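The next block holds one structure in the form of C-alpha cells; read it before the comments.
The values are calculated or read from the model by the stated rules, or taken from the named source; none is laboratory data. What you see is a predicted model; the values in this text were computed from it and never measured. Neighbour counts are summed over all protein chains in view; Cβ atoms, including those assigned to glycine, are modelled from backbone coordinates with ideal geometry. To get the accessible areas, we keep the full protein, side chains included, count just its heavy atoms, and leave off ligands, DNA and RNA. Shrake-Rupley method; radii C 1.70, N 1.55, O 1.52, S 1.80 Å.
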Amino acid sequence: MRISTFYGLGCLRSIVVLAFFIPIMVSANTLKIGMSTALEGPAKGLGTNVKLGIEAYFNQINKSGGINGHSLELVALDDGYEPDKAANNMRKLIDEEEVLAVIGNVGTPTAVVTVPIANENKTLLFGAVTGAGLLRKTPADRYVINYRASYGQETAAMVKGLLQAGIKPEEIALFTQNDGYGDAGYNGAISALKASGFKDTNTIAHGRYKRNTTNVEEGLGLILDADVEPKAVIIVGAYAPVAKFITLAKEELPDAKYLNVSFVGSIPLLNALGDAAEGVVVTQVVPHFESDLAGVQQFQKHLSVFDSSASPSFLSLEGYSIAQILVKALKNADEWNRESVVNAFQSLGDFDLGYNAPLSLSTNRHQASDTVWPTRISDGKYVAFEWSKL
C-alpha cells in the first residue's frame, strides 16, 4: 500500500510538472481568442461592428471544419471605451480565459493600458482598431501587431488632398478628442503640414472635446473665432460628438469641408448626421464595403450567412479582415501557443485579401496595410472618390 501510494504521488507530481510546461491556450477542440471593446455606451457602434465582422469569419471557418478540427471561439468583453475596464478585461482574458491572442480591441485610450499588459504577459494584441503611434514603435513591440494604416497616414492623406484642392494650410482647422486618440490625429496632420513647407502650424485653430461626452460647443467656438476662417476641418473623434459638431458647425461654416478619420464610425456617423451628412468625408482603412473586389464580395456573402439581417459596414469589414489574417497565421503556426502564434504572424510576408492592395508582415514590419481609401457622403450613402475631385 505504501509503495502504491508513493507511486501515485510520484505520478501526480509528474502530471503537475507536465501541466506547468504544457501551453494551456488550446482547450479541448477550441481555440479561444479574446477581445475587449465598446459593446455599450457612446462608442458601442464601433465595437459591435468590429465584433460582427470577426464573428462572421469565425463562423465561416467553424462551418468548414475549423482549423485542423479546432473551432474558433471569440470571448468578447465590454469595456465601454474606458481604459480601466479595458485593463481589467485584458487581465481576465489572459489569466482566466487563457486566450491564445487578443484581437480587434477598439480605441487609443484603451490601448494606452492594454498594450503594456500584452507586452508584460507576452500575449499578442493584433488588429487593434486604432491608428495611434503607441502601437507602432520602432523597433516594433513583439506582441503588438497592426492591420490598419496609422492616423498619421490618414490625416497626411487629408492634408495632401486639401492642399491639392487649393485650400491653403492656414485655412485648415482641427477638432479632436482630448486624449491620445485626438493627439495622434492632430500630430499626424501637423506633421503633414510641416512636410508641405508650412511653418506657422501654431496658428492652426484647434478645438477639443472630452471623451465619452458630446460637449463640443467650446471647441467649436475656438474654431469659429479663428483669425482665418476655416475652409476645411480635420476631425478626430467618435461619431456622436462629431455628428453634433458638424451639425452645429455647418450653421456657421456651410461651405467648409469636414473630414474624419476612419475610427469615427462611418455608418453610425451617417445615421447621426441626418440632413447635415451631405459632403462629409471619411478616410477608410478598408475598401468600400459595397465594392466589386473579390475580397469584399466574399465578406458580403459570409456576413449574410452569419446574420441575414446585418448590414455591411467599413468596421465590420475591418473586423472580418483582422479575423482573416489571424486564421492565416494560425494555419501556419508550428504550435498553438502564444509565442508560436506571434512567430507565425511575423512569417506571413507579402499576402493579399482580395482588396487590390498590398499587405505584408514580418519581424520588422508590424503593420500589414498602408492604404487609405477616401470616401464621402453623397445622397445618403458613402461613395469612393479621388482627392483630385474633392
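Looking at this structure, is T363 under 19 Å from the mean Cα position of the chain (by Cα) and open to solvent by 30 Å² or more (accessible area, probe 1.4 Å)? Here the answer is no, as T363 does not meet what is asked.
Per-residue answers, yes or no, for (1) open to solvent by less than 20 Å² (accessible area, probe 1.4 Å); (2) in contact with a helix residue (DSSP H, G or I) (Cβ under 9 Å, 6 or more places away or on another chain); (3) under 20 Å from G131 (Cβ atoms):
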| site | (1), (2), (3) |
| --- | --- |
| E154 | yes, yes, yes |
| G166 | no, no, no |
| P169 | no, yes, no |
| F175 | yes, yes, yes |
| N178 | no, yes, yes |
| G182 | yes, yes, yes |
| G188 | yes, yes, yes |
| K194 | no, yes, yes |
| A205 | yes, yes, no |
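Just so you know, in segment 27-61 the residues that are under 17 Å from W336 (Cα atoms) and open to solvent by 50 Å² or more (accessible area, probe 1.4 Å) include one that is modelled with the lowest pLDDT, and it is S27. Selection over segment 239-269 of residues that are at pLDDT below 95 and either over 25 Å from the mean Cα position of the chain (by Cα) or open to solvent by 10 Å² or more (accessible area, probe 1.4 Å) (or both) gives a count of 4. Part of a strand (DSSP E or B) and touching a strand residue (DSSP E or B) at 6+ places or on another chain (Cβ under 9 Å): does that describe I190? No. For segment 332-347, the condition of being modelled with pLDDT of 95 or more, open to solvent by 30 Å² or more (accessible area, probe 1.4 Å), hydrophobic (A, V, I, L, M, F, W, C) and in a loop (DSSP other than H, G, I, E, B) holds for none of the residues. Right, K199: open to solvent by 50 Å² or more (accessible area, probe 1.4 Å), of a type outside the set (F, W, Y), out of contact with any Ser or Thr (no Cβ under 7 Å at 6 or more places or on another chain) and in a helix (DSSP H, G or I) or not? It is false that K199 is open to solvent by 50 Å² or more (accessible area, probe 1.4 Å), of a type outside the set (F, W, Y), out of contact with any Ser or Thr (no Cβ under 7 Å at 6 or more places or on another chain) and in a helix (DSSP H, G or I).
For beta carbons closer than 9 Å, sequence separation of 6+ or different chains, a first residue in segment 133-146 that is over 16 Å from I103 (Cα atoms) and open to solvent by 70 Å² or more (accessible area, probe 1.4 Å) and a second that is among the β-branched types (V, I, T) and not in a helix (DSSP H, G or I), the qualifying pairs are K137/V144. Just checking, does segment 300-310 include any residue being over 19 Å from N62 (Cα atoms), hydrophobic (A, V, I, L, M, F, W, C) and either open to solvent by less than 70 Å² (accessible area, probe 1.4 Å) or in contact with a helix residue (DSSP H, G or I) (Cβ under 7 Å, 6 or more places away or on another chain) (or both)? There is at least one residue in segment 300-310 that is over 19 Å from N62 (Cα atoms), hydrophobic (A, V, I, L, M, F, W, C) and either open to solvent by less than 70 Å² (accessible area, probe 1.4 Å) or in contact with a helix residue (DSSP H, G or I) (Cβ under 7 Å, 6 or more places away or on another chain) (or both). No other residue among S321, S291, S316, S369 is touching a residue at least 60 places away in the same chain (Cβ under 8 Å), part of a loop (DSSP other than H, G, I, E, B) and open to solvent by less than 10 Å² (accessible area, probe 1.4 Å) apart from S369. Scanning segment 207-238 for residues that are in a helix (DSSP H, G or I) and open to solvent by 60 Å² or more (accessible area, probe 1.4 Å) yields E217, E218, L222, L224.
State the number of residues belonging to segment 38-94 that are closer than 24 Å to D334 by Cα and among the charged types (D, E, K, R).
Counting residues in segment 38-94 that are closer than 24 Å to D334 by Cα and among the charged types (D, E, K, R) gives 2.
The set of residues from segment 122-161 being in contact with a Lys or Arg (Cβ under 9 Å, 6 or more places away or on another chain) and assigned to a loop (DSSP other than H, G, I, E, B) comprises K122, T123, L124, G127, A128, T130, G131, A140, R142, Y143, S150. Among residues of segment 198-221 that are over 16 Å from I172 (Cβ atoms) and in contact (Cβ under 8 Å) with a residue 60 or more places away in the chain, those with a Cβ under 7 angstrom from a residue that is part of a loop (DSSP other than H, G, I, E, B) and open to solvent by less than 70 Å² (accessible area, probe 1.4 Å), sequence gap 6+ or separate chain, pair up as R211/D179; N212/G41; N212/P42; N212/Y81.
Residues of segment 154-188 that are among the hydrophobic types (A, V, I, L, M, F, W, C), under 19 Å from the mean Cα position of the chain (by Cα) and within 24 Å of S388 (Cα to Cα): A156, A157, M158.
Per-residue answers, yes or no, for (1) surrounded by fewer than 21 Cβ atoms within 10 Å (Cβ to Cβ); (2) without any contact (Cβ under 8 Å) to a residue 40 or more places away in the chain; (3) hydroxyl-bearing (S, T, Y):
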| position | (1), (2), (3) |
| --- | --- |
| G66 | yes, yes, no |
| L74 | yes, no, no |
| D79 | no, no, no |
| T110 | no, no, yes |
| V115 | no, yes, no |
| T130 | no, no, yes |
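Applying the condition of being open to solvent by 20 Å² or more (accessible area, probe 1.4 Å) and either within 16 Å of W336 (Cβ to Cβ) or acidic (D, E) (or both) to segment 81-96 and asking which residue is nearest to the chain's Cα centre (by Cα) yields E82.
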